[in-house]
1. Does a label point 7 Å from the Cα of residue 66, set along Cα-to-beta-carbon, have any residues of region 11-38 with amide nitrogen under 12 Å, and which are they?
2. Could you please rank 1, 63, placing first whichever residue has the fewest other Cβ atoms within 10 Å of its Cβ?
3. Could you give the length gained by full extension between residue 12 and residue 54, i.e. 0.36 nm per residue of separation minus their alpha carbon distance, to one decimal place?
4. For helix 29-42, report the angle its Cα long axis makes with the longest principal axis of the Cα atoms of the chain; keep it between 0 and 90° and round to the nearest 10°.
5. For region 63-78 and region 22-61, write down the distance between their C-alpha centroids in whole Å.
6. So for the chain, what are the equivalent ellipsoid semi-axes in whole Å, largest first, each being the square root of 5 times an eigenvalue of the Cα gyration tensor?
């Protein structure tokens, strides 16, 4: 699984965003209850929408932050 999170911005010098890869996990038992508690406390309107809750175990993140200098990249990788 891969994805990108980039807010809509109008100035290239203000770009901040991430690209990531990871593995989808279907939470089980206690993990599911804990994940629901955290998620629904942050997004209570989601309680009214049916669907399954999944987790992403991130394995790689590349953050671009042009406020630190044009094209500045910060990398993180899970080596486990």
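Computed from the coordinates by the stated procedures, all read-outs in this text should not be read as laboratory data. Predicted, not measured: the structure shown is a model, and the values here were computed from it. Every residue, glycine as well, gets a Cβ built from its backbone with ideal geometry; the counts of neighbours run over all protein chains shown.
1. 11-17
2. Details: 1 12, 63 16.
Listed from fewest to most nearby Cβ atoms, that is 1, 63.
3. Residue separation times 0.36 nm, minus the Cα-Cα distance, leaves 11.8 nm.
4. That helix lies at roughly 60 degrees to the long axis.
5. So the two Cα centres are separated by 27 Å.
6. Numbers: eigenvalues 179, 62, 18 Å².
The equivalent ellipsoid of the chain has semi-axes of 30, 18, 9 Å.
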